[in-house]
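Student: Sharing a structure, written as structure tokens. Questions coming.
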Amino acid sequence: MNAVAQRFAEHDIGSIFVYTHEAHPGERFPHHRTMDDKYRHAKALRDELGVTRPIYLDALNGALHRALGGMPNMTWIFSRGGVPVYKSDWTDAHSVGNSLDYLLEVAARRRSGERLAPFRIERLDYRDHDRGRFYEGLDRSGPRAVAEFEAAFPQDRRPKKR
């Protein structure tokens, strides 16, 4: 997503990362008990994963996260007027980039005088499903995060090393 944000910044499109909670808490990154906990975890996320976009912290009780749908890794795109123009229950850089390209095209069509009327669409997108990288993220939080995930989703156990 850093690359997507950088690519569209020249079009005056901003991008932020809203840090809500630890999706898979463990020994190293447990559930947040205070905003200081949340701040330290967000800082570690920025430093370890190289997040270059501004990171905003949700309230400790996750009020913004719940208001926006509560999905684990969602993305929203809002127009300058605050109208939601894209909502995804999972963040995928290709899907977000594709949508931003389309929205820039719509803006160009409007500037050229074309009269456009909005409509809603629902589609199924596909994302990379790299189980190894997912487990790297779980490992970041600690062994408890891995064990709890595998207990909850035994069909999604860590891939065997070859």
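Student: Rounded to the nearest 20 debye, what is the charge dipole size of the stretch 2-156 about its Cα centre when +1 sits on each Lys and Arg Cβ and -1 on each Asp and Glu Cβ?
Tutor: 640 debye
Student: While we're here: Net charge within 9 Å of residue 156 by Cβ-Cβ distance, Lys/Arg positive one each and Asp/Glu negative one each, not counting residue 156 itself?
Tutor: Surrounding charge for residue 156 is +2.
Student: A further question on this structure: By per-residue mean of other Cβ atoms within 10 Å, what is the highest-first order of 49-58, 73-82, 16-25?
Tutor: Output ranking for 49-58, 73-82, 16-25: 16-25, 49-58, 73-82.
Student: Taking Cα pairs under 8 Å and at least six residues apart, what relative contact order does the chain come out at, in percent?
Tutor: This gives 25 percent for the chain.
Student: Right, something else. Of all beta bridges DSSP finds with both residues in the stretch 2-156, what is the antiparallel percent, to the nearest 5?
Tutor: Expressed as a percentage, antiparallel bridges in the stretch 2-156 total about 50.
Student: Taking amide H positions as placed 1.01 Å from N in the peptide plane, with prolines and chain starts having none, which residues 5 or more places from residue 85, or on another chain, fall under 5 Å of its amide H?
Tutor: Here 77, 78, 79 satisfy the definition.
Student: Related question: Given 75, 96, 39, which one lies farthest toward the positive end of the charge dipole of the chain, if we put +1 on the Cβ of every Lys and Arg and -1 on the Cβ of every Asp and Glu?
Tutor: The listed residue farthest towards the positive side: 96.
Student: How high is the relative contact order of the stretch 53-93, in percent, counting Cα pairs under 8 Å that sit 6 or more residues apart?
Tutor: 29 percent
Student: Where does the charge balance sit around residue 93 when Lys and Arg score +1, Asp and Glu -1, over other residues with C-beta under 10 Å from its C-beta?
Tutor: Neighbourhood net charge equals 0.
Student: Still on this structure: With runs of 4+ DSSP H residues as the only contributors, calculate the mean residue ellipticity of the chain at 222 nm using -39,500 (n - 2.57) per run, divided by the residue total and rounded to the nearest 500.
Tutor: Helix contribution divided over all residues of the chain: -13000 deg cm²/dmol.
Student: With Cβ to Cβ distances under 13 Å as the rule, what net charge do the other residues near residue 64 carry (K, R +1; D, E -1)?
Tutor: Charge balance in the 13 Å sphere: +1.
Student: Moving on to the next point. Need the C-alpha centroid separation for the stretch 86-139 versus the stretch 1-45, integer Å.
Tutor: That distance is 20 Å.
Student: From the Cα gyration tensor of the stretch 18-78, with a ≥ b ≥ c the square roots of its eigenvalues, which class applies: rounded if a/c is under 1.5, or else prolate if a/b is larger than b/c, or else oblate?
Tutor: Cα axes put the stretch 18-78 in the oblate bin.
Read the figures in this text as sums done on the coordinates, not as results from a lab. Everything numeric here is computed off the predicted structure, so don't read it as measured data. Here the Cβ is made from the backbone with ideal geometry for all residues, glycine too, and neighbour counts use every protein chain on show.
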